[in-house]
Amino acid sequence: MDGFPILSLMMAVPMAGAIACLYSGAAQARMIALVATLVDLVLGVVLWAHFDQSGTAAQWQFQEYAPIFGRFAWALGIDGIALMLIMLTVFLMPICIGASWLAIEKRVGEYMAAFLFMEVLMIGVFTAQDLYLFYIMFEAGLIPMYLIIGIWGGADRIYASYKFFLYTLLGSVLMLIAMMWMVHDAGTTDIPTLMAYNFDPKIQIWLWLAFFASFAVKMPMWPVHTWLPDAHVQAPTAGSVILAGVLLKMGGYGFIRFSLPMFPEASAQLAPLVWGLSMVAVVYTSLVALVQSDMKKLIAYSSVAHMAIVTVGLFAFNQAGIEGAMMVMLGHGLVSGALFLCVGVIYDRLHTREIARYGGLSINMPKYAVLFMLFTMASVGLPGTSNFVGEFLSLMGIYQASSWVALVCTTGIILGAAYMLYLYRRICYGDQKNADAAAMPDLSMREVWLLAPIAAAVLWMGIYPESFLSPMRSDIRALEARLASAAPAGDSKIKMGPAIPAAEAHHEEASAMSHEEASGEAH
């Protein structure tokens with residue numbers, strides 16, 4: 001694969017498909033979009049198969065570089081973290097096209113083109129190695145989602161699309177100003193170079209806050225989360241799947257790629273701010289989810305709570321926390337997407353998302369009830385499913401940093417079990433009070449084919465998480481080493497003998513780890 005531009009090809013395929021969809025009829029556009037997303041999925045599998053996971057290879061693989069003008073360049077490359085998020089993207093996209101097969105009847109060509117264009121931009125975000133190229137991809141991703149919500153959404157789609165666009169755009173203006181200052185100071189737009197560059201600690205605070213304004217909205221973190229429930233409720237089913245599955249993960253990716261490695265001192269100083277906002281989000285949005293009567297709103301608020309577990313894991317400043325945050329992002333991308341598909345299945349039959357209109361669906365829809373149960377249990381964090389691994393690692397990581405934060409976040413997970421099991425009981429158990437709900441047919445073969453791959457992936461991640469952790473491990477260790485000198489001392493660490501400063505302790509741990517690895521290689 002050396003020298004082959006596979007990353008550019010993965011962006012070119014959906015771009016060509018998007019252009020073809022604009023000039024095709026409805027039936028042809030559906031088929032073109034499905035083929036384009038499946039080709040990208042195959043290319044993603046090839047990318048994963050050829051990715052060197054040994055830990056001895058260079059951090060950045062499959063690099064491409066072509067100067068455009070000035071410092072701006074078409075610079076692409078991935079590490080293990082980007083690889084996993086790209087795989088999540090290309091895995092969910094064909095499922096989104098399949099979910100839209102019958103649900104979208106007007107302007108089908110434009111709809112499919114918007115989805116394919118969004119795939120180009122999402123892959124671009126995870127592969128960009130030029131600062132300005134990242135910004136363009138990051139912001140341009142707003143446009144197709146804005147159109148998907150605003151044109152094919154529900155009754156209040158205009159309000160929801162404007163709110164989504166304005167919230168996410170506003171924070172990014174500050175990020176652009178910070179980027180311009182960074183390029184002026186460091187003299188480069190190369191992201192790997194900037195990740196190793198030591199900015200003035202006094203300036204880092206301001207740069208960190210500028211990036212935080214963008215990434216916090218994208219996650220979304222409390223209190224700038226209010227655009228998410230509206231966007232989810234009004235978006236078509238596939239729009240909700242890709243919004244929860246991939247677009248929210250761009251905020252977490254931004255923290256991993258920019259905030260933590262580029263501004264380590266500022267990240268350490270402001271970690272309590274992130275912990276505080278995350279604790280409020282975990283508890284508050286879980287309680288709000290508990291009283292929702294709309295299925296989509298309930299799952300949307302649960303997304304805010306789950307993404308708060310991501311932020312506390314990332315700002316735990318240790319390997320367990322960061323690995324856990326990545327696994328929560330991957331697991332949540334699968335599970336939340338599947339839950340929105342489950343909502344879409346019964347919405348297509350009854351055209352309502354009101355929980356009270358259903359009940360007893362396990363009687364007339366047993367296949368649906370089984371799959372919905374699996375995804376509910378995965379959302380709760382049942383051992384053997386995807387979310388358990390990530391939540392366990394995240395909580396273990398944050399416990400090393402702060403036992404109080406870990407305690408509060410654990411109560412949020414308990415509340416998560418309450419609202420998800422309460423939802424499942426009201427939908428699938430109990431008496432069948434409404435004849436129209438009792439008459440709904442079970443899953444069609446198309447719907448089984450949409451949900452079964454996600455079910456398999458959820459179980460795969462829960463039973464054998466090492467296959468997902470292995471590509472990321474060396475990159476996470478490199479990030480932890482970068483953060484070691486700045487990481488705050490944890491309140492739950494039991495120290496024997498005289499207190500050791502945090503920087504020295506981390507340095508000794510890193511040295512011990514490198515000695516162990518060196519001796520292992522020697523043997």
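The table that follows gives values for the structure above.
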{"read-out": "Qualifying trypsin sites (Lys or Arg not before Pro) in the stretch 13-115, DSSP loop, other Cβ atoms within 10 Å at most 12", "value": "106"}
{"read-out": "For the stretch 325-403 versus the stretch 85-123, the gap between their alpha-carbon centres in whole angstrom", "value": "21"}
{"read-out": "Accessible-area order (highest first, 1.4 angstrom probe) of the listed residues 280, 108", "value": "280, 108"}
{"read-out": "The chain: radius of gyration and largest Cα-Cα distance (Dmax), Å", "value": "22.5, 74"}
{"read-out": "Residue-averaged [θ]222 nm for the chain, counting only DSSP H segments that reach four residues, each worth -39500 (n - 2.57)", "value": "-24000 deg cm²/dmol"}
{"read-out": "Average accessible surface area per residue within the chain, 1.4 Å rolling probe, Å²", "value": "38"}
{"read-out": "Heavy atoms of residue 189: accessible area, 1.4 Å probe, square angstrom to 10", "value": "10"}
{"read-out": "Chymotrypsin sites (Phe, Trp or Tyr not before Pro) within the stretch 19-117, DSSP loop, no more than 11 other Cβ atoms inside 10 Å", "value": "23"}
{"read-out": "Above-threshold pairs, the threshold being 24 Å between Cα atoms, out of 296/433; 163/202; 106/249; 249/367; 218/297", "value": "163/202; 106/249; 249/367"}
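The values are calculated or read from the model by the stated rules, or taken from the named source; none is laboratory data. Note that the structure is a prediction, hence the values are computed from the model and not measured. Cβ coordinates were reconstructed from backbone atoms using ideal geometry, including for glycine residues, and neighbour counts include every protein chain displayed. Heavy atoms of the whole protein, side chains included, go into the accessibility calculation; ligands, DNA and RNA do not. Shrake-Rupley method; radii C 1.70, N 1.55, O 1.52, S 1.80 Å.
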